[in-house]
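Scroll down for the structure; my scribbles are underneath it.
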Amino acid sequence: MTNTLTATIDIDATPEQVWSIVSDLKRMGEWSPQCRKMRVSGPVGRGAKTFNLNRRGLLVWPTTSKVVEFEPNRKLAFRINENRSVWSYELIASGAGTTVTETREAPNGTTAISRFLVDKLMGGTEGFEREMVEGMNATLARIKSEAEAR
């Protein structure tokens with residue numbers, strides 16, 4: 001298992017414009033090919049909790065998360081409780097635009113149940129991680145499209 005997966009994109013919009021999209025977690029289902037719905041308990045900020053509904057083909061599963069970093073116009077990160085992975089979006093001003101990096105980190109690996117499910121139901125770690133990076137790139141492309149259309 002790779003401990004860190006990343007995808008990066010340059011967006012022709014200010015960090016503030018991109019932040020307004022990235023930090024609107026209830027719209028995650030519009031961007032992510034796997035996380036189809038995200039419900040947030042209260043305003044998005046450090047400590048906010050979410051209930052997420054994920055889908056891959058016919059497989060549908062829930063997860064929960066907690067926002068662990070929240071720096072407006074810079075960084076948003078949430079930890080998935082079920083597998084201990086941390087997903088983040090980091091925004092860096094670059095000229096007239098913004099470079100956005102989406103990262104999935106599992107510094108201590110994922111849980112045994114998560115590894116079992118990935119192995120038995122999702123085709124193994126290597127293929128699943130490749131699919132996650134493809135999904136991250138798709139998510140960022142959708143965010144870019146939304147930000148640049150504004």
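If we count every other residue with Cβ under 11 angstrom of GLU30's Cβ, Lys/Arg +1 and Asp/Glu -1, where does the sum land? Walk me through the numbers before you get to the answer.
On the way: positive: LYS26, ARG27, ARG36, LYS37, ARG142; negative: ASP24, GLU146.
That sum, taken over residues with Cβ under 11 Å, equals +3.
Working note: Karplus 6.51/-1.76/1.60 with θ = phi - 60° gives the range 81-89 the couplings 5, 5, 10, 6, 7, 10, 9, 9, 10 Hz, where Gly and Pro are set to x. The residue among SER94, MET136, GLY47 whose Cα reaches farthest toward the positive pole of the charge dipole of the range 4-149, with charges on the beta-carbon of Lys, Arg, Asp and Glu, is GLY47. In angstrom, the C-alpha Rg and Dmax of the chain are 14.9, 46. Between the range 1-71 and the range 109-124, the alpha-carbon centres lie 21 Å apart. Along the axis of the charge dipole computed for the chain (Cβ charges of +1 for Lys and Arg, -1 for Asp and Glu, origin at the Cα centre), the listed residues ILE9, GLY29, THR103 are led at the positive end by GLY29.
With kT/(6 pi eta Rh) evaluated at 20 °C and eta = 1.002 mPa s, and Rh the Kirkwood radius from Cα pairs, the range 15-64 diffuses with a coefficient of 186 µm²/s according to Stokes-Einstein.
When Lys and Arg each count +1 and Asp and Glu each count -1, what net charge do the other residues less than 14 Å away from GLY123, Cβ to Cβ, add up to? Walk me through the numbers before you get to the answer.
Values: positive: ARG56, ARG115, LYS120, ARG130; negative: ASP119, GLU126, GLU129, GLU131, GLU134.
Charge balance in the 14 Å sphere: -1.
With springs only between Cα atoms under 10 Å apart, run a GNM on the chain and tell me which of ASN52, ASN81, ASN108 wobbles the most. Per the Cα network of the chain with a 10 Å cutoff, ASN108 tops the list.
3J(HN,Hα) along the range 108-118, derived from phi through the Karplus expression 6.51 cos²θ - 1.76 cosθ + 1.60 where θ = phi - 60°, amounts to 10, x, 9, 6, 4, 5, 5, 4, 4, 5, 4 Hz, with x in place of Gly and Pro. Each of LYS66 and THR125 was given a label point 7 Å from its Cα along the Cα-to-Cβ line. The distance between the two points is 2.6 nm. Using Cβ point charges alone (K and R +1, D and E -1), the dipole size of the chain about the Cα centre works out to roughly 700 debye.
If you count Lys pairs in the range 4-149 whose Cα atoms are under 21 Å apart, skipping same-chain pairs closer than 8 places in sequence, the total is 13. In terms of the mean number of neighbouring beta-carbon atoms within 10 Å, the peptides 58-70, 25-37 order highest first as 25-37, 58-70.
Just so you know, all these numbers are worked out from the coordinates, no wet-lab data involved. In this text, all values refer to a predicted model and were calculated from it rather than measured experimentally. Note that we place each Cβ from the backbone using ideal geometry, even for glycine, and neighbour counts take in every protein chain shown.
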